[in-house]
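These notes concern the structure reproduced below.
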Amino acid sequence: MEPPSHETIRKQDYVFIVNPNGANGRTGDSWKKLLPKLTARLGNNWNISEKLTAGPQHATQLAREAIRDGAAAVIAVGGDGTLHEVVNGFFENGKPIESKLADSFPAQKTALGLIPMGTGSDFARVFGWNSDPTRAIDRLCKGEKKKVDVGQVIYGKERKKRFFINVADLHLSAKAGFYAGMHKRIGNLSYVVGALQGFQGHRNRDLKIRVDGGKWETWSEVTAICVGNSKYFGGGMKITPTADPSSGDLEVVIIKGYKWYDFLLKLHTLYLGSHIRQKNVTSMKVRRLDVEEVDDSTKEKYPGTFVQADGEHLGFLDASFSVIPAAIDFIR
Ligand SMILES: Nc1ncnc2c1ncn2[C@@H]1O[C@H](COP(=O)(O)OP(=O)(O)OP(=O)(O)O)[C@@H](O)[C@H]1O
């Protein structure tokens, strides 16, 4: 029998999921310039497929379709918000999605890629990547993969589930992220402005915390709790400085008793990652963290304690965070 000709073997898909409105529309313009270069370098080996998002959550749906269809890789093109949505596309109803080719090719798994083109691009920082798209193409050509963990947060009254690759957090920082989203036009400064706005009406709060299924403990005067699968949030703040996305655990940083002026005076330490040496800051490695209001009626009295994941506002406490080790093959 004749061996199959080159033409009859279909190239596998590299699906690029692009937020054209990322970084105030700059992502769309940069992507248009990049696509011909990318096709020239990768097109011989892969079928390049371009999917533009139409709005929030669309990237998740596009990633799910690509993974089900057996794509070799889905590549997020945009900021951390787009990456977050693509990561969530690796799961459905809380479980990893299976390719329809899984029976015939069980070893084949869709990889995750990233061309950082957003406002913050915080996940890219942990690998020391800059925003040069030519370097991103080099990485995709090399195709070297590393297993990365994914964080999972179950939150709110309805116990909804969301996955995160970077940092999930609650209270002041999550409220700050909520406001920062309104100021993206001013770039990374939006996170500092958002934090100062978040301090308006903010009260440090007593919260119940349980680490790795142990005993519940009450922590007083909590300003923020940050749960890092990776190190950075807020456009370069090294908030969970010892987190490593391939470690199999999460770094939890609990900040207590901060006032708005502490935030300004100690802002530089958040960028350096040296804040974890302050006496009102605790850092620990966990596989699971549960956080609840001390007093359930707090939820009714105040607007609740904000919860976010990868800079996306999710809702309000309660919340349970855990890690799924080596969940995704990441092209690095
Ligand atoms: N076509 C679209 N129009 C408007 N918003 C979109 C569209 N597609 C996706 N989005 C939303 O835009 C949000 C932000 O996008 P993205 O993360 O790419 O850029 P960014 O905000 O500039 O960067 P960063 O998240 O790194 O700060 C995403 O969370 C997503 O929900």
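The values are calculated or read from the model by the stated rules, or taken from the named source; none is laboratory data. Since we're looking at a predicted model, the values are computed, not measured. Glycine also receives a Cβ, built like all others from the backbone with ideal geometry; neighbour counts cover every protein chain displayed. Areas reflect the complete protein model, heavy atoms only, side chains present, ligands, DNA and RNA absent. Shrake-Rupley method; radii C 1.70, N 1.55, O 1.52, S 1.80 Å.
Details
- With respect to the stated conditions, Glu65 is of a type in the set (D, E, K, R), free of Cβ contacts under 8 Å to residues at least 24 places away in the same chain and surrounded by fewer than 20 Cβ atoms within 10 Å (Cβ to Cβ).
- Of all residues in the range 121-170, those satisfying the criterion of being closer than 16 Å to Phe321 by Cβ and either in contact with a helix residue (DSSP H, G or I) (Cβ under 9 Å, 6 or more places away or on another chain) or in a loop (DSSP other than H, G, I, E, B) (or both) are Val150, Gly156, Arg159, Arg162, Phe163, Phe164, Ile165, Asn166, Val167, Ala168, Asp169.
- Failed condition for Ala71, given (1) within 11 Å of the ligand (Cβ to nearest atom); (2) buried (at least 21 other Cβ atoms within 10 Å of the Cβ); (3) assigned to a loop (DSSP other than H, G, I, E, B): (1)
- Among (1) in contact with a Gly (Cβ under 7 Å, 6 or more places away or on another chain); (2) near the ligand (Cβ under 7 Å from one of its atoms); (3) open to solvent by less than 50 Å² (accessible area, probe 1.4 Å) - the single one Asn21 does not satisfy: (3)
- Only residues that are touching a helix residue (DSSP H, G or I) at 6+ places or on another chain (Cβ under 8 Å), open to solvent by less than 40 Å² (accessible area, probe 1.4 Å) and either free of Cβ contacts under 8 Å to residues at least 40 places away in the same chain or not β-branched (Val, Ile, Thr) (or both) were counted across the range 84-99, and they come to 6.
- In this entry, Glu158 passes the filter for residues that are at pLDDT below 95, over 30 Å from Leu38 (Cα atoms) and out of contact with any Asp or Glu (no Cβ under 9 Å at 6 or more places or on another chain).
- Checking each residue of the range 242-262 against the condition of being of a type in the set (Gly, Ala, Ser), modelled with pLDDT of 95 or more and touching a helix residue (DSSP H, G or I) at 6+ places or on another chain (Cβ under 7 Å) gives no match.
For every residue, the table says whether it meets (1) in a loop (DSSP other than H, G, I, E, B); (2) at positive phi.
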residue	(1), (2)
Gly25	no, yes
Lys37	no, no
Asn44	yes, no
Ala59	no, no
Leu101	yes, no
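- Residue satisfying all of: in the range 24-59; in contact (Cβ under 8 Å) with a residue 12 or more places away in the chain and of a type in the set (A, V, I, L, M); most open to solvent (accessible area, probe 1.4 Å) among these: Leu52
- Residues located in the range 74-83, provided they are on the phi < 0 side of the Ramachandran plot, crowded, with 23+ Cβ neighbours inside 10 Å and within 10 Å of the ligand (Cβ to nearest atom): Ala76, Val77, Gly79, Asp80, Thr82, Leu83
- Within the range 158-172, restricting attention to residues that are among the basic types (Lys, Arg) and within 19 Å of the chain's Cα centre (by Cα), the residue that is surrounded by the most Cβ atoms within 10 Å (Cβ to Cβ) is Arg162.
- In this structure, Ser283 does satisfy being hydroxyl-bearing (Ser, Thr, Tyr), assigned to a strand (DSSP E or B) and outside the structural domain of Phe90 (by TED's automatic domain parsing).
- Residue count for the range 40-67 under the criterion of being of a type outside the set (S, T, N, Q) and near the ligand (Cβ under 9 Å from one of its atoms): the result is 6.
- Note on the range 119-151: among residues that are open to solvent by less than 20 Å² (accessible area, probe 1.4 Å) and within 16 Å of the ligand (Cβ to nearest atom), the one that is nearest to Gly248 (Cα to Cα) is Phe123.
- The range 293-331, residues that are surrounded by 18 or more Cβ atoms within 10 Å (Cβ to Cβ), charged (D, E, K, R) and either at pLDDT 95 or above or under 16 Å from the mean Cα position of the chain (by Cα) (or both): Asp310, Glu312
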